[in-house]
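Sharing a structure, written as structure tokens. Questions coming.
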Amino acid sequence: MKIIFITLMLAVLAGTSLAVCSESDKSALEALDREWARAGQAGDRAKLNAIYADEFVSMPDMIGKAATIENTMQNAQAGGPTNAVATVHDRYLFGCAGNTATITHRNIITATSPSGKTETFWTRSVHFLEKRGGRWQVVSTTGHEMNDQMTIAYLEQDWNDANLRRDKAWFEKNFADDFVGVSSMTGKVLGKAEDIADTVNDKGTIELAETSDLDIHVVGDRARVIGIYRYKGKDEKGVAYDRKIRFTDTWIKRDGRWQAWSSTGVPIQ
């Protein structure tokens, strides 16, 4: 059942269940979503009033437009710019059908408690919009906290993207200090610094990096992920390759944040 759940979730993340939007609509919808976030943080009543449709409802609590704006204003005044919670919105997906649209995205929220402890929370938002008078307005919104399986599934996707970008900063942040990797090509055991260097200093090019068939099992502050990693590109000599690896990753949760703890894999012939 868990494998089926993760497969369905990743299908949604890949956008397979959403109708296609034009590139101009995607740009406009993302810009509106980010403007909405800025207006909420700044307590900009005029912008919020224009963004929300008159019949707007926030679900599941069924809160209308006026009450939603008032709550946002109070939160903005209570927080202020110095106490604003750091929030990253990413992993956008868009669906369009005529004059209606759906936006869904991930939220990574980093908050510091009064005691000074910093924690990271992951949620997902879903917004429903209609185009009226040539501009998009939000008709309703809902969202939910991500469970550990969903959070780790996203982190596996982020790992793929970091491989494509040779993103050293991502690896340094998301690999535990005691991370250990086993090379699927040579069998060599690599510590955190060695594994990162092995990735970012590779002279080849990666054109595709994706995971599939994820089975994520969480017990307390430990998690095990089994899946298939496919990567395509050219090696340092310009020779093309297309490889698949059956991998096992382990993750550990420390200070409220999941980090990769180990990774190993074997080539699929």
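Treating only the Cβ atoms of Lys and Arg (+1) and Asp and Glu (-1) as charged, compute the dipole magnitude of the stretch 145-269 about its Cα centre; round to the nearest 20 debye. Can you show the working numbers first?
Values: 19 positive and 23 negative charges, 67 e Å.
Here the stretch 145-269 has a charge dipole of around 320 debye.
With each run of n ≥ 4 DSSP H residues scored as -39500 (n - 2.57), what mean residue ellipticity at 222 nm is computed for the chain after dividing by its residue count and rounding to the nearest 500 deg cm²/dmol? Intermediate values should be presented prior to the final figure.
Values: 7 runs with 88 residues, N = 269.
Helix-only estimate at 222 nm: -10500 deg cm²/dmol.
If you don't mind, there's one more thing I want to ask. So, with +1 on the Cβ of K and R and -1 on the Cβ of D and E, and no other charges, what is the size of the charge dipole of the stretch 15-145 about its Cα centre, to the nearest 20 debye?
Numbers: 13 positive and 14 negative charges, 33 e Å.
That gives the stretch 15-145 a dipole magnitude of about 160 debye.
Need one number: nm distance between label points at residue 194 and residue 25, each 7 Å from Cα along Cα→Cβ, rounded to one decimal.
So the two model labels end up 5.2 nm from each other.
How would you rank 73, 146, going from fewest to most other Cβ atoms within 10 Å of each one's own Cβ? Mind dumping the intermediate values first?
Values: 73 15, 146 19.
The order, fewest Cβ neighbours first, is 73, 146.
Taking just the C-alpha trace of the stretch 33-78, give me its Rg and Dmax in Å.
Calculated on Cα positions, Rg and Dmax stand at 9.9, 27 Å.
Give the relative contact order (percent, whole number) for the stretch 148-267; include only Cα pairs under 8 Å separated by 6+ residues. List each step's numbers first, then the result.
Details: 228 pairs, mean separation 30.4, N = 120.
It rounds to 25 percent for the stretch 148-267.
Starting from the Kirkwood radius over alpha-carbon pairs of the stretch 37-129, derive D by Stokes-Einstein at 37 °C in a medium of 0.692 mPa s and give it in µm² s⁻¹. Please list the in-between numbers first.
Working: Rh = 14.9 Å.
Rounded to a whole number, D works out at 221 µm²/s.
Now for a different question. Report, in debye and to the nearest 20, how large the dipole of the chain comes out about its Cα centre when Lys and Arg carry +1 and Asp and Glu carry -1 on their Cβ. Kindly include the intermediate steps, with their values, before the conclusion.
On the way: 33 positive and 36 negative charges, 40 e Å.
So the dipole magnitude of the chain works out to roughly 200 debye.
With Kirkwood's inverse mean 1/r over C-alpha pairs for Rh, give me the Rg to Rh ratio of the chain, two decimals please. Could the numbers behind the result be given before it?
Working: Rg = 21.1 Å, Rh = 20.8 Å.
When Rh is taken as the Kirkwood radius, the ratio is 1.01.
Kindly provide log₁₀ I(q)/I(0) values, in the same order as q = 0.15 Å⁻¹, from the Debye equation applied to equal alpha-carbon scatterers of the stretch 190-268.
Log10 I(q)/I(0), no solvent term: -0.65.
Throughout, read-outs are computed from the coordinates displayed, never taken from laboratory work. All values reported here derive from a predicted model rather than from experimental measurement. Don't worry about glycine lacking a Cβ; one is built from the backbone with ideal geometry, like all the others, and counts go over all protein chains shown.
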